[in-house]
Amino acid sequence: MEVRKTELPGVLLIEPHIYRDDRGSFLESWRQERYEGVGLPSTFVQDNAAVSRQGVLRGLHYQHPDPQGKLVMVLYGAVYDVAVDIRRGSPTFGRWMGTELSAENARQLWIPEGFAHGYVVLSDTAVFAYKCTRPYRPDADRAIRYDDPRIGIEWPISDPIVSSKDANAPLLDHLPDSALPIHPALASLPSAAST
């Protein structure tokens, strides 16, 4: 597999080797020692899959407390996938990166804890799958508006289909510090835990 750093520290674009022949294709979507060797966690505790139609936008989601790292990929169709750094004290706070993930390119995106995540479906239908480092907690489920002008994501679809939860999510600058994760460098300071 090939692993590329992105403009957001810690967010990695992974391209597994695909073996194709006249029968179809095969790839390894996870092998513990190989992924651990490039810096991913060795343990995931939950796998999820979502089926969505074209134009559906899910996000920007994150969990706090108990943030989740996510290894995401598309099993069928194509999406435009986005990560946003929302860690207080991060040099890249509020910055985003996006890339197309599809069944055809088999790319995966590693989104570490402390980042919000979202995607919009480009194909007629998409099956989106992801591994999580921590279990889902409904009481810690949080969202930031997908069209927050401060973040300025350039979504490739102008009029997406969104849930009422996502449409009414708060803007990043309207969230209290207590609702955001802390960058590891700031977390080590004594005053960080009290803010």
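No lab work stands behind these numbers, since they all come straight from the coordinates. Keep in mind it's a predicted model, so treat the numbers as computed, not measured. Backbone-built Cβ (ideal geometry, glycine too); neighbour counts: all protein chains shown.
Work out from phi, with θ = phi - 60° and the Karplus expression 6.51 cos²θ - 1.76 cosθ + 1.60, the ³J(HN,Hα) of each residue of region 167-183, listed in order in whole Hz, and give x for Gly and Pro.
Each residue's phi maps through the Karplus curve to give 5, 9, 5, x, 6, 4, 6, 8, 7, x, 3, 5, 8, 10, x, 10, 4 Hz.
Averaging sequence separations of C-alpha pairs under 8 Å and six or more residues apart, then dividing by the length of the chain, give the relative contact order as a whole percent.
Taking the mean separation of contacting Cα pairs over the length of the chain, I get 27 percent.
Counting other beta carbons within 10 Å of each Cβ, put Ser163, Ser178, Ser102, Ser158 in order, fewest first. Let's see the in-between values first.
Values: Ser163 13, Ser178 9, Ser102 19, Ser158 6.
Neighbour counts put them in this order, fewest first: Ser158, Ser178, Ser163, Ser102.
Please list the non-local residues whose amide H lies under 5 Å from the amide H of Gln68, H modeled 1.01 Å from N, same-chain partners needing a gap of 5 or more.
Gln63, Gly114
In whole Hz, with x marking every Gly and Pro, tabulate ³J(HN,Hα) for region 35-45 from phi via Karplus 6.51 cos²θ - 1.76 cosθ + 1.60, θ = phi - 60°.
Computed from phi, the couplings for region 35-45 are 6, 4, x, 9, x, 7, x, 8, 10, 10, 10 Hz.
Which of the GluC sites (Glu not before Pro) found in region 102-175 are loop residues per DSSP with 12 or fewer other Cβ atoms within 10 Å of their Cβ? Write out the running numbers ahead of the final one.
On the way: sites: Glu104, Glu113, Glu154; in loops: Glu104, Glu113, Glu154.
In loop regions of region 102-175 (DSSP not H, G, I, E or B), the sparsely surrounded GluC sites (Glu not before Pro) are Glu154.
Would you report the distance distribution of C-alpha pairs in region 104-180 as whole percents per 5 angstrom bin, up to the bin with the largest distance?
Whole-percent P(r) values from 0 Å outward: 3, 10, 20, 25, 22, 15, 5, 1, 0.
Filter the GluC sites (Glu not before Pro) in region 21-76 to those in DSSP coil with at most 15 other Cβ atoms within 10 Å of their Cβ, and list the result.
Glu28
Can you give the relative contact order of region 61-175 as a percent, counting alpha carbon pairs under 8 Å and 6+ residues apart? Provide the component values of the computation, followed by the final result.
Numbers: 224 pairs, mean separation 39.3, N = 115.
Once normalised by length, the contact order is 34 percent.
Give the long-range amide H neighbours of Leu171: residues separated by 5 or more places, or on another chain, with amide H under 5 Å away, using H modelled in the peptide plane at 1.01 Å from N.
Hits under the 5 Å cutoff: Arg145.
With a cut-off of at most 13 other beta carbons within 10 Å, and DSSP calling the residue loop, which trypsin sites (Lys or Arg not before Pro) in region 1-71 qualify? Please list them.
Those that pass, being in a loop and sparsely packed, are Arg23, Arg31.
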